[in-house]
Amino acid sequence: MRVKVLTILSILCWQLLWQHAFTQQKTGITKWVVRGGGSLKVDGSTNINKFTCRIMNYNTPDTLSIVHNKDISLLMGGKIGLDIAAFNCGNPIMTSDLRKTLKHKEFPKLIINFISLSKLPDLTKPNLDITGLVDIELAGVKKRILVNYSFTAFTKDNFRLTGKKDVNFSDFNLVPPRKLGGMIKTNERLDVEFELTLDTL
């Protein structure tokens, strides 16, 4: 009886080992390194005009990892942190108002955590239908959103990733800035676009 139990356990162990080996063969990890030249752009509007605010030259060498398996969604790991104080709207008053609205002294970073990717890009042709989930942390609030991505290849190992998404101030429990006793009102919607230059490891 004892021999039979040991035999069964041995068979089960071998099956688990083979299953693990087979899974490892199907699973791969792709790593992208963030290079210099990244940026974040925010387009917004008031009841009288439009405005654009930017954070330029993001160059912290973070690494993004993608775990891919043909049977499951692509899981991403990694994040970038942008300094709210680096926002520039081309107008000192507007720049100051945006930084204050985003509570930059209390929460100095806008953080983008990468969660998933719908598929790996084919850098030999346009990729306009790739999406991914990210967690955006802003002013002490975390929001999970679906981002639309496009990829532009410079070489086979170097490319630009562009992510676009519309968000609202209220998504992060923020009140749009107002001026002149409320006569100038900033609209809720912001069009957010970030660009990263990446190398494949």
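The values are calculated or read from the model by the stated rules, or taken from the named source; none is laboratory data. Not measured: the values here are computed from a predicted model. Ideal geometry is used to build each Cβ from the backbone, glycine not excepted, and the neighbour counts take in all protein chains shown.
Just a few scattered comments:
- Under the condition of being at pLDDT below 85 and either under 30 Å from LEU138 (Cβ atoms) or touching a Leu at 6+ places or on another chain (Cβ under 6 Å) (or both), the residues counted in the stretch 1-56 number 2.
- Among residues of the stretch 165-183 that are closer than 13 Å to SER45 by Cβ and of a type in the set (Phe, Trp, Tyr), none has a Cβ under 8 angstrom from a residue that is part of a strand (DSSP E or B) and at pLDDT below 90 at a sequence gap of 6+ or on a separate chain.
- Flag if ASN113 is in a strand (DSSP E or B) and more than 21 Å from ASP171 (Cα to Cα): no
- In the stretch 35-84, the residues that are small (Gly, Ala, Ser) and loosely packed, with under 13 Cβ neighbours inside 10 Å: GLY36
- Residue match in the stretch 130-151 (condition: modelled with pLDDT of 95 or more, under 23 Å from GLY81 (Cα atoms) and in contact with a His (Cβ under 9 Å, 6 or more places away or on another chain)): yes
- Any pair with Cβ under 6 angstrom, 6 or more apart, that starts in the stretch 94-112 at a residue that is surrounded by fewer than 16 Cβ atoms within 10 Å (Cβ to Cβ) and ends at one that is not in a loop (DSSP other than H, G, I, E, B): PRO108/ILE84; LYS109/GLY81; ILE111/LYS79; ILE111/GLY81; ILE111/GLU137
- Among residues that are more than 13 Å from the chain's Cα centre (by Cα), among the polar types (S, T, N, Q) and assigned to a strand (DSSP E or B), THR152 is included.
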